[in-house]
Amino acid sequence: MDQQPPGGQGPTPPVEGPVSCYRHPGRETAIRCTRCDRPICPDCMVSASVGFQCPDCVRQGSGTGHHPAASRPRTIAGGAVAADPRLITKILLGINAAVFLAVLANDALINDLTLLGQAPYYPYGPVQGVAEGQWYRLFTSMFLHEAVWHFAFNMLGLWWLGGPLEAVLGRARYLALYLISGLAGGALTYWLAAPNQPSLGASGAIFGLLGATVVLMRRLNYDMRPVFMILALNLVITFNPWGGIAWQAHVGGLVAGVLIGIGMVHAPRERRNLVQFGTCAAVLVAVILIVVARTAALT
């Protein structure tokens with residue numbers, strides 16, 4: 001006599017090739033819950049001692065005598081399974097949109113918030129920039145866009161890449177990835193670009209998300225060809241012969257995203273938090289050292 005697997009569902013007939021996630025119809029996946037054998041996508045998979053489990057099986061296994069938090073659904077990166085897996089992404093989109101509208105209403109904000117190494121904005125005006133103590137420009141420039149196409153392109157990338165990453169990493173880890181990648185892009189721009197060359201945009205943070213996506217897809221053994229094509233296309237745009245793009249921000253964000261992504265999804269379970277946030281701290285320290293060294297060189 002057949003027995004029902006944990007989770008209350010009947011046995012799933014074998015299916016060759018990818019099937020749809022049982023919680024997200026139409027989203028193909030080749031991964032199954034190790035307890036009930038139902039197909040689960042990256043947003044639903046919860047890391048277990050062996051393989052991955054679906055959220056339903058994890059919840060039903062909560063009556064084991066452990067503290068409820070010990071059985072709370074977790075993703076492969078240790079993040080909590082949230083009711084709204086795109087909350088931080090939505091907040092970041094809102095902040096970028098608010099700053100964009102503020103700049104449209106008062107274009108003088110560009111001068112106050114953009115990334116600038118060291119230069120006067122106007123002839124005989126005061127010298128401004130990060131080297132003059134305005135370190136906040138490394139942060140504010142991440143949310144600054146001047147052209148509609150620039151804003152739209154970056155926000156599309158944020159929504160497309162950010163949502164799945166937030167679902168897998170969890171909110172705190174995802175936010176750390178986004179902010180540190182953006183700061184890394186700004187730091188490399190500050191280091192390599194001319195001191196009087198202004199720079200703005202969320203591209204460094206977006207390239208950080210792209211780098212982490214490459215690492216995550218490799219970790220899940222997904223087909224890498226689509227993401228490599230997107231990466232190649234973005235690099236071609238970055239190094240186009242017409243100029244006008246701060247390639248340093250793209251490269252800095254991409255490198256930071258790859259490094260943080262490796263720390264996030266390959267951290268051993270028993271030392272997960274230490275490795276993950278230690279990796280973030282190490283990249284942030286490197287960013288600070290670059291900024292301090294460049295400031296010393298300019299002053």
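The values are calculated or read from the model by the stated rules, or taken from the named source; none is laboratory data. Being a predicted model, the structure only gives us computed values, none of them experimental. Please note: Cβ atoms are built from the backbone with ideal geometry, for glycine as well, and neighbour counts cover all protein chains shown.
Would you confirm, using the coordinates I've provided, whether Ala102 is at pLDDT below 85, out of contact with any Ser or Thr (no Cβ under 8 Å at 6 or more places or on another chain) and surrounded by 13 or more Cβ atoms within 10 Å (Cβ to Cβ)? Write out each step before concluding.
Values: at pLDDT below 85: no; out of contact with any Ser or Thr (no Cβ under 8 Å at 6 or more places or on another chain): yes; surrounded by 13 or more Cβ atoms within 10 Å (Cβ to Cβ): yes.
No: the conditions fail for Ala102.
If you check Leu169, Leu188, Leu175, which single one turns out to be closer than 14 Å to His250 by Cα and in the same structural domain as Ile288 (by TED's automatic domain parsing)? Talk me through it step by step, then tell me what you get.
Values: Leu169 fails: closer than 14 Å to His250 by Cα; Leu175 fails: closer than 14 Å to His250 by Cα.
Result: Leu188 is the single residue among Leu169, Leu188, Leu175 that is closer than 14 Å to His250 by Cα and in the same structural domain as Ile288 (by TED's automatic domain parsing).
Does the stretch 79-96 contain at least one residue that is touching a Ser or Thr at 6+ places or on another chain (Cβ under 8 Å), outside the structural domain of Leu289 (by TED's automatic domain parsing) and at pLDDT below 85?
At the first step, the residues of the stretch 79-96 found to be touching a Ser or Thr at 6+ places or on another chain (Cβ under 8 Å) are 81.
Those left that are additionally outside the structural domain of Leu289 (by TED's automatic domain parsing): 81.
If we keep only those that are at pLDDT below 85 too, we end up with 81.
Within the stretch 79-96, one or more residues are touching a Ser or Thr at 6+ places or on another chain (Cβ under 8 Å), outside the structural domain of Leu289 (by TED's automatic domain parsing) and at pLDDT below 85.
Checking the conditions here, which among Ala267, Ala256, Ala246 is under 13 Å from Gly185 (Cβ atoms), buried (at least 18 other Cβ atoms within 10 Å of the Cβ), more than 13 Å from the chain's Cα centre (by Cα) and touching a residue at least 12 places away in the same chain (Cβ under 8 Å)? Working first, answer last.
Numbers: Ala267 fails: under 13 Å from Gly185 (Cβ atoms); Ala256 fails: more than 13 Å from the chain's Cα centre (by Cα).
Only one candidate qualifies: Ala246.
Would you confirm whether or not the stretch 19-31 contains a residue that is farther than 30 Å from His145 by Cβ, more than 24 Å from the chain's Cα centre (by Cα), of a type outside the set (Phe, Trp, Tyr) and modelled with pLDDT under 80?
no
Could you check how many residues of the stretch 191-228 are in a helix (DSSP H, G or I) and closer than 24 Å to Met155 by Cβ? Even if it seems obvious, please write down each step before you answer.
Start the filter on the stretch 191-228 by keeping residues that are in a helix (DSSP H, G or I), which leaves 191-192, 203-219, 225-228.
Of the ones still in play, those that are also closer than 24 Å to Met155 by Cβ are 203-217, 226-228.
Of the residues in the stretch 191-228, 18 are in a helix (DSSP H, G or I) and closer than 24 Å to Met155 by Cβ.
Where the second residue is part of a helix (DSSP H, G or I) and at pLDDT 75 or above and the first is closer than 16 Å to Ala30 by Cα and of a type in the set (S, T, N, Q) and lies in the stretch 45-68, which pairs have Cβ atoms under 6 Å and are six or more apart or on separate chains?
Correct list of pairs: empty, since none qualify.
Note down all Cβ pairs under 6 Å where the first residue falls in the stretch 118-137 and is assigned to a helix (DSSP H, G or I), the second is surrounded by fewer than 10 Cβ atoms within 10 Å (Cβ to Cβ), and they're at least six residues apart or on different chains.
Listed pairs, sorted by first residue: Ala131/Thr299.
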